[in-house]
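The values are calculated or read from the model by the stated rules, or taken from the named source; none is laboratory data. None of these values were measured; they are calculated from a predicted model. Every residue, glycine among them, receives a Cβ derived from its backbone with ideal geometry; neighbour counts consider all protein chains shown.
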Amino acid sequence: MSYTHLSIIERSKLEVLHQLGLSARAIARELDRHHSTISRELRKNQSLNGYQAVASEHRYKHLRQAQKPREKWTETLGKEIEQRLHETWSPEQISMRYRLKGEPMVSFKTIYRWLYQGRMIRNTVQQLRHKGKRQKPQEKRGRFLVGTSIKQRPKEIRSRETFGHWELDTVVSSRGKSKACVATCIERKTRLYTAIKMPDRTSLSMEIAIGVVAAQYPAQTFQTATVDRGKEFACFRELEESHGMTVYFADPYSSWQRGSNENGNGLLREFFPKGKDFAKVTEEELEHALQLINNRPRKCLGWKTAHESFEEEVSHLD
């Protein structure tokens, strides 16, 4: 049974029974309390006039009031948190990044509580990531003779022990919009995420887009790529020959095998929701979104950003 503090009624009974000369054990039996509770109450609240229930109750309430935690909310702190939320950081990213830097910050649970209490100036609750179940993907883009299966991918790639292994995908405009889309790439170890606009979802457009991404980094940066079975990846042999990489194909309806890319695409959708026509998205808008995504502190990276982790790995290349 959980412990509860003595009530004023119990203290009044205790006062009377104590004045009658009953022992602590006898009083405990009468009040259905443990004898140590009664002994402790008498020891802490004895006075020259003996034990007095009203005075003991006042002392108890005073001590309880003094034990209440000090309010941590300040307008300055609220604005600082709001700024980070505006930069698309999660409450946990905010809390852990500041603590990692040795700067004062409340826990992420406190940030959530303040958000739902409406303490932020703007409606920052809407900037939190949406939670919910995802529908099972349905592949409707045709079929082609795929290359190497993901089952042949080395274990060190799956466990993210080595650098230079990517996941590729596409994010499209809604039906009824233009054919414009973006090719998305994420490096598995560092989680660096990038995206290139494409005029359509063809294998030629994908080949060109991957060439643009690969040209931005040292040659050893692209060693393997894991993709789904969409027809835009029918160019896999050209990618392998042009960039010296091995392309692995995930199993059908197994988006979890490319979990990093699926998560990255979800982050991108926060900036360009379904219904957005990528033909109308400017290069500056896309670059701004990628900058915010790659400069968030990440729990899986020890609260480093993806950009910091990627630069560190690149600096170690020969």
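Residues in segment 231-264 that are touching a residue at least 60 places away in the same chain (Cβ under 8 Å), over 17 Å from H165 (Cα atoms) and buried (at least 19 other Cβ atoms within 10 Å of the Cβ): E232, A234.
Residues that are crowded, with 17+ Cβ neighbours inside 10 Å, out of contact with any helix residue (DSSP H, G or I) (no Cβ under 8 Å at 6 or more places or on another chain), hydrophobic (A, V, I, L, M, F, W, C) and not in a helix (DSSP H, G or I) are absent from segment 202-213 altogether.
Looking only at residues that are over 50 Å from the mean Cα position of the chain (by Cα) and assigned to a loop (DSSP other than H, G, I, E, B) in segment 21-75, which one is nearest to I9 (Cα to Cα)? Taking the candidates together, the pick is Q52. If you filter segment 171-181 down to residues that are in contact with a helix residue (DSSP H, G or I) (Cβ under 9 Å, 6 or more places away or on another chain) and surrounded by fewer than 22 Cβ atoms within 10 Å (Cβ to Cβ), you find that the one that is nearest to Q257 (Cα to Cα) is V171.
Quick one: in segment 277-303, which of the residues that are charged (D, E, K, R) and surrounded by 18 or more Cβ atoms within 10 Å (Cβ to Cβ) is nearest to S260 (Cα to Cα)? Looking at residues that are charged (D, E, K, R) and surrounded by 18 or more Cβ atoms within 10 Å (Cβ to Cβ), I get R298. I want to confirm something. Restricting to segment 171-192 and keeping residues that are of a type in the set (S, T, N, Q) and modelled with pLDDT of 95 or more, which single residue is nearest to the chain's Cα centre (by Cα)? Among those that are of a type in the set (S, T, N, Q) and modelled with pLDDT of 95 or more, it is T190. Taken over segment 143-186, residues that are of a type outside the set (A, V, I, L, M) and assigned to a strand (DSSP E or B) amount to 10. Number of residues in segment 296-311 that are touching a residue at least 40 places away in the same chain (Cβ under 8 Å) and either polar (S, T, N, Q) or in a helix (DSSP H, G or I) (or both): the value is 7.
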